[in-house]
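Taking it in order: structure first as structure tokens, then the write-up.
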Amino acid sequence: MAKFIKTIQNFASQNDLWAKDAKIVVGVSGGPDSVCLLAVLAELAPKYGFQLHIAHVNYGLRDKDSDQEELFVQGLGKKYGMEMSVLTPKKGLYKGNLENRLRQIRYEYFEKIRQQKGFGLIAVAHNRDDQAETVLMRIIRGAGLQGLSAMKAKTGQIIRPLLQTSRADISAHLKQKKLKYRIDKTNADIEFTRNKVRHNLLPYLEKNFNPSVKKTLSSFAQSVADDYAFIGESAERFAKGICKNKCAHFSARAFGEFPIAIQRQVFRNIFQKLKGGTFDVENQQIEEIIKVVRSTKSKNQKALIGGLNVLKKGDKVDIS
């Protein structure tokens, strides 16, 4: 399996994921992907001079299973001689979309540990199959270019060394190395959208349309990401200049001079700046805002869209 490690090294080099002597917080759930990620980074640590710290979140949603996973990850820390930090969130924090909320809690904690330790990077274990699932979910939801570009190899301080590695290759590596891991039973529950896509939709597409659909979707996401980067730069300059104190103020006429692709991205940037994220933003909501801004009616236009108040008075637009 030297080829497996080499493939990840090449991917890291191509995407500038780390430098020599990097200090990396590694998110470890105890599942196969994160166990593989930790094992790979531990194997590469002597060569690159990595300093690694394990971060684990015990959500407590599966009672004894959650506690056993924490104990398992602690065992990995002892095995590799690494320090470990654990968060046990209060269940009262689990409000709204559960999957989005858990992700937010997880990433906020990883970032907190990174800053406390003075580390530079956070490594998470997303793989190519995760990428395909995410792209499909966002297509179904009606996401724009940002959503369809899905996950990147590196986003700020977050790196995804396994992003171009298939789940099958990860399983083969774990088997070859005789590495143990935990299985989250909720991953089989098709009440969750991701699990329904993973267990029902993707196998159907593989069987009936394209045996390599996961690889195809992953490549599609990368292509869209490149296009989005170009559009995003223009949109960011405009959005940055109009957003102040949790409000956006701009001229409808000036906004109308942009191509429609940039207009859509401007509003996604506004959602990001005013609400702190775009996880629940649908393309339809973006189109509704654009419709208000483009309106030629003489009377004031007012709407509540995606949690944002949109007000148009003549040529002036206020969003808060």
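The values are calculated or read from the model by the stated rules, or taken from the named source; none is laboratory data. Because the structure is predicted, anything quoted here is derived from the model rather than measured. All Cβ positions, even for glycine, are placed from backbone atoms using ideal geometry, and neighbour counts span all protein chains on display. What goes into the accessible areas is simple: the full protein's heavy atoms, side chains included, and nothing from ligands, DNA or RNA. Shrake-Rupley method; radii C 1.70, N 1.55, O 1.52, S 1.80 Å.
Give me the net charge of Phe4's neighbourhood, meaning all other residues with Cβ under 12 Å from the Cβ of Phe4; Lys, Arg count +1, Asp, Glu -1. Intermediate results must be reported in sequence, preceding the final value.
On the way: positive: Lys3, Lys6, Lys175, Lys177; negative: Glu43, Asp169.
Its environment carries a net charge of +2.
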Hey, can you rank 233-239, 46-52, 268-274 by average C-beta count inside 10 Å, highest first? 268-274, 233-239, 46-52
Gaussian network model of the chain, springs between alpha carbon atoms under 10 Å - residue of Ala303, Ala123, Ala254 with greatest fluctuation: Ala254
Expressed in nm², what is the orientationally averaged projection area of the convex hull enclosing the Cα positions of the stretch 135-281? 11.6 nm²
Under the helix-only model (-39500 (n - 2.57) for each DSSP H run of 4 or more, divided by the residues of the chain), the mean residue ellipticity at 222 nm, to 500 deg cm²/dmol, is -17000 deg cm²/dmol
Can you work out the accessible area per residue across the chain, with the rest of the protein chains kept in place, probe 1.4 Å, in square angstrom? 54 Å²
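Lys23: net charge of surrounding residues, Cβ under 10 Å, Lys/Arg +1, Asp/Glu -1, itself excluded?
Charge balance in the 10 Å sphere: +1.
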Using a simple charge model, +1 on the beta-carbon of Lys and Arg, -1 on the beta-carbon of Asp and Glu, nothing else, what dipole does the chain show about its Cα centre, in debye to the nearest 20? 440 debye
Helix 167-177: angle to the longest alpha-carbon principal axis of the chain, degrees 0 to 90, nearest 10? 20 degrees
Cα-Cα separations in the stretch 10-73 greater than 16 Å, expressed as whole percent: 52 percent
Helix 2-14: angle to the longest alpha-carbon principal axis of the chain, degrees 0 to 90, nearest 10? 30 degrees
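Can you give me the orientation-averaged projected area of the convex hull built on the Cα atoms of the chain, in nm²?
Average of the hull's projected areas for the chain equals 18.2 nm².
Please report, as a whole percent, how much of the solvent-accessible surface of the chain comes from carbon and sulfur atoms (probe radius 1.4 Å).
Ligands and nucleic acids excluded, carbon and sulfur reach 51 percent.
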Net charge of neighbours whose Cβ lies under 14 Å from the Cβ of Val73, counting Lys and Arg as +1 and Asp and Glu as -1: -2
Percent of beta bridges antiparallel (DSSP, the chain, rounded to nearest 5): 55 percent
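Using square roots of five times the C-alpha gyration tensor eigenvalues, list the equivalent-ellipsoid semi-axes of the stretch 1-157 in whole Å, biggest first.
Working: eigenvalues 120, 100, 43 Å².
Listed largest to smallest, the semi-axes of the stretch 1-157 are 24, 22, 15 Å.
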